[in-house]
Amino acid sequence: MGQGILESPKFRGRSAARIDAKGRLRISTKFREVLQKHYSDALFVSRMGECLVAYPPEKWEELETKAMNLSEVHPDHRSFVRRFISGVELCEFDSQGRILIPPMLREDAHLNQEVVLVGMLTCFEIWDKGAYELQDARDRENEPRIMENIAGIGL
C-alpha cells in the first residue's frame with residue numbers, strides 16, 4: 001500500500017468496544033487516529049436507523065450545509081431534520097480517550113455494554129452488538145441484490 005492510502009482520512013474496519021456504566025465509550029485506536037490526524041478531536045453523534053452515527057465536526061458541518069438546502073415544508077425533509085439533525089450531540093473526548101454518549105442517544109439505539117464500531121468512510125456507526133449481528137445477517141441475506149445495485153452504479 002502506498003503512503004497516500006494509509007494517510008487518507010477514512011474510517012475503515014470494525015471493532016468491538018464496551019460502554020461503561022456511566023455511558024462512556026472508548027473509541028478504537030484506528031478511528032481515533034483518523035480524528036487526530038485529519039479532523040478536530042471530537043465527534044457529533046446522532047441516531048440513524050437502529051444505530052448511532054459519529055461524524056468528525058468537519059464532516060458534520062458539511063452534512064448540515066447540505067441539509068440547509070432541504071425544503072422547510074416537505075414532510076420528509078422536516079422529519080429528517082427533526083430526527084437526525086436535532087438529535088445530534090457533540091461528544092468530546094476525556095483525558096482517557098472516551099466519549100460520553102448521552103442517555104437519550106443510548107436509549108434511542110438500545111445500546112447495552114457490548115457495542116460494535118463500524119467504519120463507514122466519512123463517519124462510523126455505533127451498534128449494540130446484538131442489533132449489529134441481526135443487521136449483518138440481513139445484509140448477508142440481501143448481498144446478491146445489494147451487489148447488483150452497487151454494480152449498477154459503476155462500482
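Here Asp20 clears all of (1) of a type outside the set (Gly, Ala, Ser); (2) surrounded by fewer than 14 Cβ atoms within 10 Å (Cβ to Cβ); (3) under 24 Å from Leu134 (Cα atoms); (4) at pLDDT below 95 except the condition numbered (4).
Let's see how each residue does on (1) of a type in the set (Gly, Ala, Ser); (2) touching a strand residue (DSSP E or B) at 6+ places or on another chain (Cβ under 9 Å); (3) surrounded by 13 or more Cβ atoms within 10 Å (Cβ to Cβ):
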{"site": "Met48", "(1), (2), (3)": "no, yes, yes"}
{"site": "Pro57", "(1), (2), (3)": "no, yes, yes"}
{"site": "Phe93", "(1), (2), (3)": "no, yes, yes"}
{"site": "Glu107", "(1), (2), (3)": "no, no, no"}
{"site": "His110", "(1), (2), (3)": "no, yes, no"}
{"site": "Val115", "(1), (2), (3)": "no, yes, yes"}
{"site": "Gly119", "(1), (2), (3)": "yes, yes, yes"}
{"site": "Glu141", "(1), (2), (3)": "no, no, no"}
{"site": "Ala151", "(1), (2), (3)": "yes, no, no"}
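Within the stretch 122-140, the set of residues being among the aliphatic types (A, V, I, L, M) and in contact (Cβ under 8 Å) with a residue 24 or more places away in the chain comprises Ile126, Ala131. Is one or more of the residues making up the stretch 14-32 more than 23 Å from His110 (Cβ to Cβ) and out of contact with any strand residue (DSSP E or B) (no Cβ under 9 Å at 6 or more places or on another chain)? Taking every residue of the stretch 14-32 in turn, none turns out to be more than 23 Å from His110 (Cβ to Cβ) and out of contact with any strand residue (DSSP E or B) (no Cβ under 9 Å at 6 or more places or on another chain). Which one of these is in contact with a helix residue (DSSP H, G or I) (Cβ under 6 Å, 6 or more places away or on another chain) and of a type in the set (D, E, K, R): Arg78, Arg47, Arg32? Answer to the selection: Arg47. Each residue in the stretch 6-48 was checked for being over 13 Å from Gly97 (Cα atoms), free of Cβ contacts under 8 Å to residues at least 12 places away in the same chain and not in a loop (DSSP other than H, G, I, E, B), and 1 pass. Outside any loop (DSSP other than H, G, I, E, B) and touching a residue at least 24 places away in the same chain (Cβ under 8 Å): does that describe Val53? Yes. On the given criteria, is Ala42 aliphatic (A, V, I, L, M), over 27 Å from Glu133 (Cα atoms) and touching an Asp or Glu at 6+ places or on another chain (Cβ under 8 Å)? Spelling it out, Ala42 is indeed aliphatic (A, V, I, L, M), over 27 Å from Glu133 (Cα atoms) and touching an Asp or Glu at 6+ places or on another chain (Cβ under 8 Å).
The values are calculated or read from the model by the stated rules, or taken from the named source; none is laboratory data. Computed from a prediction, not measured in an experiment: that's the story for all the values here. Cβ coordinates were reconstructed from backbone atoms using ideal geometry, including for glycine residues, and neighbour counts include every protein chain displayed.
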